[in-house]
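Working notes, structure below.
The values are calculated or read from the model by the stated rules, or taken from the named source; none is laboratory data. Here the structure is a predicted model, which is why all the values come from computation and not from measurement. Glycine also receives a Cβ, built like all others from the backbone with ideal geometry; neighbour counts cover every protein chain displayed. Ligands, DNA and RNA are stripped out before the accessible areas are found, and what is left, the full protein with its side chains, is counted by its heavy atoms. Shrake-Rupley method; radii C 1.70, N 1.55, O 1.52, S 1.80 Å.
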Amino acid sequence: MIKYLKEEKLENLVQDGTHIVDFYADWCGPCKMLGSVLESMEDVSIIKVNVDEHPELATKFGVMSIPTIIIFKNGVETKKQIGFVNADTLRELLK
């Protein structure tokens, strides 16, 4: 399931379970390619954070390049991946 961050606090959304947080921008080509990969993922929560709308979150989580995905497990950041990744690589990151 893909959810776009609006007014909620990101920290509240990633508390329980495994979540992929995708830091992206609408104008970013590799971000669009990664979006297609994320749509194919099942059994994991995906939260998309537009860095143009939420620059404070990008700064807080050290996002300097997009796309950047951060994997959270029960509220704890476990992995960070910068740049486009394919579905197989993303599944490996989730293990």
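Residue 18 is checked against (1) of a type in the set (S, T, N, Q); (2) farther than 16 Å from residue 93 by Cβ; (3) touching a helix residue (DSSP H, G or I) at 6+ places or on another chain (Cβ under 9 Å) and fails just one. What number does that condition carry?
Checking residue 18 against (1) of a type in the set (S, T, N, Q); (2) farther than 16 Å from residue 93 by Cβ; (3) touching a helix residue (DSSP H, G or I) at 6+ places or on another chain (Cβ under 9 Å), the one that fails is (2).
List the residue pairs whose Cβ atoms are under 7 Å apart, where the first residue sits in the stretch 16-30 and is closer than 11 Å to residue 52 by Cβ, the second is exposed (fewer than 15 other Cβ atoms within 10 Å of the Cβ), and the two are 6 or more positions apart or on different chains.
25/52
Please pick out the residue among 43, 26, 22, 16 that is crowded, with 19+ Cβ neighbours inside 10 Å, within 17 Å of residue 3 (Cβ to Cβ) and among the acidic types (Asp, Glu).
On the way: 43 fails: crowded, with 19+ Cβ neighbours inside 10 Å; 26 fails: crowded, with 19+ Cβ neighbours inside 10 Å; 16 fails: crowded, with 19+ Cβ neighbours inside 10 Å.
On inspection, the qualifying residue turns out to be 22.
List, please: which pairs have Cβ atoms under 6 Å, are six or more places apart or on different chains, and start with a residue in the stretch 58-75 that is closer than 20 Å to residue 94 by Cβ and touching a residue at least 60 places away in the same chain (Cβ under 8 Å) and end with one that is part of a loop (DSSP other than H, G, I, E, B) and not hydroxyl-bearing (Ser, Thr, Tyr)?
From the stretch 58-75, the pairs are 75/14; 75/15.
In the stretch 46-80, what count of residues is obtained for those that are open to solvent by 20 Å² or more (accessible area, probe 1.4 Å) and closer than 19 Å to residue 17 by Cβ?
Of the residues in the stretch 46-80, 9 are open to solvent by 20 Å² or more (accessible area, probe 1.4 Å) and closer than 19 Å to residue 17 by Cβ.
In this structure, does residue 37 turn out to be free of Cβ contacts under 8 Å to residues at least 24 places away in the same chain and among the aliphatic types (A, V, I, L, M)?
Working: free of Cβ contacts under 8 Å to residues at least 24 places away in the same chain: no; among the aliphatic types (A, V, I, L, M): yes.
When the stated conditions are applied, residue 37 does not pass them.
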